[in-house]
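K.L.:
Okay, handing you the structure first.
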Amino acid sequence: MERLDGTVALVTGASSGIGEAVARALAGQGASVALVARRKDRLDELASDLERDGRNALAIQADITQRSEAVAAVREAIGRFARMDTLVNNAGVMFVDPVERALPEEWDRMVALNVNGLLNMARAALPHLLETAETGHRRVADMVNISSVAGIKTGAGVSVYSLTKYGVGAFTESMRQEVAARHVRVSVIEPGSANTELRNSLRVEVQTRDRARAGIERLEPADVADAVQYIVTRPRRVAVNEIVVRPTEQVE
């Protein structure tokens, strides 16, 4: 493991759950962290926590589904820290329903955040990641995209959510091939069922059905953060392209 002292990470969806856990983990390894989400009060609280522990943190309120706000978030992070070594595309939303009952506006929200938000951040950050990989002291940079097991195995009721997450996997692999020779490592993590606010967007009847079917001990956000930390602390010669992490009892 290589520590991240002197590096800078930007984490989207950092106001709670996996994003917050990732930010804490990377800061614990010595990285300065730019925290991006819509809920500024949560970001300010996390930034204050990290700074009390002697870490460098910057809270950036942004709606990354808007390209201009994604670009501005990256610009603000670069303005404060002057570099970017790691981008963690974590922000996402999940709505689950059969196609015949689904609300088109929920489809729009999933596509806007899970796909377009990720693309906006990837495009805005890439020039800075390439520059760091060429001139930074570690001579490597990372983009880690958080997908889902729904991006490798779909099922009834998750059609559009799976569509967005399969898209994340396809984009990750294509981009990996484009920039691997320039030492920007592009990776995807596919978590299974986890205790995050993502589940709060499920309607009551879906939550009830899900609990009855699963009855398992879910992942905690820190479990996924461990996977992110593992990827970005490898030596320059090592690229971890994909990690699937499920609760032990989860079969699907």
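K.L.:
Can you name the helices (runs of 4 or more DSSP H) wholly within region 148-252 that have at least 2 residues being at pLDDT 95 or above? Give the steps one after another, and end with the answer.
P.N.:
Details: elements: 159-179, 204-214, 221-232.
Qualifying helices (runs of 4 or more DSSP H): 159-179, 221-232.
K.L.:
When only residues in region 160-181 that are among the charged types (D, E, K, R) and over 22 Å from L219 (Cβ atoms) count, which is surrounded by the most Cβ atoms within 10 Å (Cβ to Cβ)? First the steps, then the outcome.
P.N.:
Our first condition is that a residue be among the charged types (D, E, K, R); within region 160-181, this holds for 165, 173, 176, 178.
Retained after the next criterion (residues that are over 22 Å from L219 (Cβ atoms)): 173, 176, 178.
Working: E173: 14, R176: 19, E178: 12.
That would be R176.
K.L.:
Does I189 count as surrounded by fewer than 17 Cβ atoms within 10 Å (Cβ to Cβ) and in contact with a strand residue (DSSP E or B) (Cβ under 6 Å, 6 or more places away or on another chain)?
P.N.:
Considered against the rule, which asks whether it is surrounded by fewer than 17 Cβ atoms within 10 Å (Cβ to Cβ) and in contact with a strand residue (DSSP E or B) (Cβ under 6 Å, 6 or more places away or on another chain), I189 comes out as no.
K.L.:
While we're here: Working only within region 111-159, note down all residues that are under 21 Å from D63 (Cα atoms) and surrounded by fewer than 16 Cβ atoms within 10 Å (Cβ to Cβ).
P.N.:
Matches in region 111-159: R123, P127.
K.L.:
Confirm whether L35 is modelled with pLDDT of 95 or more, aliphatic (A, V, I, L, M) and touching a Lys or Arg at 6+ places or on another chain (Cβ under 8 Å).
P.N.:
On the way: modelled with pLDDT of 95 or more: yes; aliphatic (A, V, I, L, M): yes; touching a Lys or Arg at 6+ places or on another chain (Cβ under 8 Å): no.
In short, no.
K.L.:
If you go through region 103-128, how many residues are of a type outside the set (S, T, N, Q) and closer than 19 Å to V71 by Cβ? First the steps, then the outcome.
P.N.:
First pass over region 103-128, keeping only residues of a type outside the set (S, T, N, Q): 103-113, 115, 117-119, 121-128.
Next, only the ones that are closer than 19 Å to V71 by Cβ stay: 112-113, 115, 117-119, 121-128.
So the count comes out to 14.
K.L.:
I'd like the full set of residues that are out of contact with any Ser or Thr (no Cβ under 7 Å at 6 or more places or on another chain), part of a loop (DSSP other than H, G, I, E, B), surrounded by 19 or more Cβ atoms within 10 Å (Cβ to Cβ) and of a type outside the set (D, E), limited to region 62-110.
P.N.:
Result: A62, T65, G92, V96.
K.L.:
Out of all the residues in region 41-61, which are within 29 Å of T164 (Cα to Cα), out of contact with any Lys or Arg (no Cβ under 7 Å at 6 or more places or on another chain) and surrounded by 15 or more Cβ atoms within 10 Å (Cβ to Cβ)?
P.N.:
Passing the criteria: R42, L43, L46, I60.
K.L.:
From (1) surrounded by 15 or more Cβ atoms within 10 Å (Cβ to Cβ); (2) in a helix (DSSP H, G or I), pick out the condition that doesn't hold for L4.
P.N.:
Failed condition: (2).
K.L.:
Also, quick follow-up: Out of (1) at positive phi; (2) part of a strand (DSSP E or B), the odd one out for L58 is which?
P.N.:
(1)
K.L.:
Now for a different question. List pairs: first in region 16-32 and under 10 Å from V228 (Cα atoms), second of a type in the set (D, E, K, R) and in a helix (DSSP H, G or I), Cβ under 8 Å, 6+ apart or cross-chain?
P.N.:
What qualifies is A25/D226.
The values are calculated or read from the model by the stated rules, or taken from the named source; none is laboratory data. Not measured: the values here are computed from a predicted model. Don't worry about glycine lacking a Cβ; one is built from the backbone with ideal geometry, like all the others, and counts go over all protein chains shown.
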